[in-house]
């Protein structure tokens, strides 16, 4: 596997740090998830297992070993140094001030291992007036402008998907790979600094550019596209579908499908921008066309016309989608205290020659602590004593 032989210490919490570690673990890195003695708060969000472990934890910590440790105690600091001495990467998503308190800032890590790579994530980055602020995904959604534009305008609405967290995870994994590649040439480590806010402005950049250059102040408009039409969710006789008519070739096929070739000559519908600004004209046609057909009929006819579309699934339908099943998008694992196997999504990047894989479920609390401590050179009596001291 691509990252076989790379060792990662994951001090992450919640999503941004842990999911970055999961992406690296999927590709073969040995990732050690390091938690508080009684378990990190993120372990117990939306519990689904007898021990309180939740789905978010299971998704973001697959393929990892699990260790408990208190790095604030002197003995814990020594264990951190031993771990760092044998590691390639350290992942931590917390403000720089917290990293310094734990001895996990880049200068402290570098003093232990010269070529170590620190992948740090925080709400606002390591510098600037907000550097010591804490924040979660929704804060970044709000400050990126995304939350303002989501919903129908009654009030700002967050996205259910925590895209700032997951986006930061992916950017951090990308940064980690770049730093590892550069280290092969220079022999030096470095700090990879990612933030939820920077992720947010990257993902919103097209709208921010438009705002700056045109002054066109976009307002919330539900599921309608800002840039094309018809592009929205539409009610059918028995459900909902999403349809995206983007570009003149697709629009021409759409007019044929709905038997409205006259719309091709309509002066207000000559390109995507014009159609988005005259959305009511095409939406009225699309709404009527969908309401007299079932979901299955709508999707079959749209697909035959090569128009992008899809059903609006509930969660059960997503799990049972034929494409997801055929393509093995979920791996199922037993986890202590769950009523059925846990469906863990497959690694989102598939390499043809050296693919990653989901090999093991998320670790139970402290599952591999003793094994890791033994590998660091601690004897069993010392390990037992450190357990009693609640260092591990």
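The values are calculated or read from the model by the stated rules, or taken from the named source; none is laboratory data. Model, not experiment: these values are computed from the prediction. For neighbour counting, all protein chains shown are included, and Cβ atoms are generated from backbone atoms with ideal geometry for every residue, glycine included.
So which of 241, 246, 279 is in contact (Cβ under 8 Å) with a residue 12 or more places away in the chain and within 16 Å of residue 301 (Cα to Cα)? Can you show your working first?
Working: 246 fails: within 16 Å of residue 301 (Cα to Cα); 279 fails: within 16 Å of residue 301 (Cα to Cα).
Sole residue among the options that is in contact (Cβ under 8 Å) with a residue 12 or more places away in the chain and within 16 Å of residue 301 (Cα to Cα): 241.
Looking at the range 181-197, is at least one residue in a helix (DSSP H, G or I) and under 20 Å from the mean Cα position of the chain (by Cα)? If you could, list the steps in order and put the result at the bottom.
Looking only at the range 181-197, we keep the residues that are in a helix (DSSP H, G or I), and these are 181-186, 196-197.
Okay, now just the ones that are also under 20 Å from the mean Cα position of the chain (by Cα), so 196-197.
Yes; the residues of the range 181-197 include at least one that is in a helix (DSSP H, G or I) and under 20 Å from the mean Cα position of the chain (by Cα).
Please go through the range 222-279 and give me each residue that is loosely packed, with under 13 Cβ neighbours inside 10 Å and over 35 Å from the mean Cα position of the chain (by Cα), ordered by number.
Answer for the range 222-279, where residues must be loosely packed, with under 13 Cβ neighbours inside 10 Å and over 35 Å from the mean Cα position of the chain (by Cα): 256, 259, 261, 262, 265, 267, 268.
In the range 131-149, which residues are surrounded by fewer than 16 Cβ atoms within 10 Å (Cβ to Cβ) and touching a residue at least 60 places away in the same chain (Cβ under 8 Å)?
Hit for the range 131-149 is 136, nothing else.
Test each condition in (1) surrounded by 12 or more Cβ atoms within 10 Å (Cβ to Cβ); (2) assigned to a loop (DSSP other than H, G, I, E, B); (3) within 32 Å of the chain's Cα centre (by Cα) for residue 219 and report the one that comes out false.
For residue 219, the failing item is (1).
Go over the candidates 139, 119 one by one and state the one that is assigned by TED's automatic domain parsing to the domain that holds residue 85, modelled with pLDDT of 95 or more, assigned to a helix (DSSP H, G or I) and farther than 20 Å from residue 75 by Cα. If you could, list the steps in order and put the result at the bottom.
Details: 119 fails: assigned to a helix (DSSP H, G or I).
Criteria check complete, one pass: 139.
Among residues belonging to the range 314-337 that are surrounded by 14 or more Cβ atoms within 10 Å (Cβ to Cβ) and in contact with a helix residue (DSSP H, G or I) (Cβ under 9 Å, 6 or more places away or on another chain), point out the one that is nearest to residue 294 (Cα to Cα).
Step by step, filter the range 314-337, then rank; the result is 324.
Please find, among 128, 153, the residue that is over 23 Å from residue 18 (Cα atoms), in a loop (DSSP other than H, G, I, E, B) and in contact (Cβ under 8 Å) with a residue 40 or more places away in the chain. Explain how you work it out, then say what you get.
On the way: 128 fails: in contact (Cβ under 8 Å) with a residue 40 or more places away in the chain.
Residue meeting the stated conditions: 153.
Kindly establish whether residue 26 is in contact (Cβ under 8 Å) with a residue 24 or more places away in the chain, in the same structural domain as residue 166 (by TED's automatic domain parsing), surrounded by 23 or more Cβ atoms within 10 Å (Cβ to Cβ) and closer than 26 Å to residue 123 by Cβ. Quick ask: steps written out before the conclusion?
Working: in contact (Cβ under 8 Å) with a residue 24 or more places away in the chain: yes; in the same structural domain as residue 166 (by TED's automatic domain parsing): yes; surrounded by 23 or more Cβ atoms within 10 Å (Cβ to Cβ): yes; closer than 26 Å to residue 123 by Cβ: yes.
Here the answer is yes, as residue 26 does meet what is asked.
So which residues in the range 347-365 are surrounded by fewer than 18 Cβ atoms within 10 Å (Cβ to Cβ) and closer than 18 Å to residue 334 by Cα, if there are any at all? Let's see the steps before the verdict.
Let us first name the residues in the range 347-365 that are surrounded by fewer than 18 Cβ atoms within 10 Å (Cβ to Cβ), namely 348-355, 357, 359-360, 364.
The answer is 357, 359, 360, 364.
Picking from 49, 85, 123, which residue would you name as being farther than 26 Å from residue 164 by Cβ and crowded, with 17+ Cβ neighbours inside 10 Å? Break it down stepwise before answering.
Working: 85 fails: crowded, with 17+ Cβ neighbours inside 10 Å; 123 fails: farther than 26 Å from residue 164 by Cβ.
Exactly one residue qualifies, and that residue is 49.
In the range 373-381, is there at least one residue being free of Cβ contacts under 8 Å to residues at least 12 places away in the same chain and either assigned to a loop (DSSP other than H, G, I, E, B) or under 21 Å from the mean Cα position of the chain (by Cα) (or both)? Full working, then the answer.
First, pick out the residues of the range 373-381 that are free of Cβ contacts under 8 Å to residues at least 12 places away in the same chain: 374-375, 378-381.
With the extra rule that they be either assigned to a loop (DSSP other than H, G, I, E, B) or under 21 Å from the mean Cα position of the chain (by Cα) (or both), the set shrinks to 378-379.
Yes, there is a match, as at least one residue in the range 373-381 is free of Cβ contacts under 8 Å to residues at least 12 places away in the same chain and either assigned to a loop (DSSP other than H, G, I, E, B) or under 21 Å from the mean Cα position of the chain (by Cα) (or both).
Please specify each residue of the range 157-173 satisfying the condition of being surrounded by fewer than 16 Cβ atoms within 10 Å (Cβ to Cβ) and more than 16 Å from residue 204 (Cα to Cα).
The one that is surrounded by fewer than 16 Cβ atoms within 10 Å (Cβ to Cβ) and more than 16 Å from residue 204 (Cα to Cα): 160.
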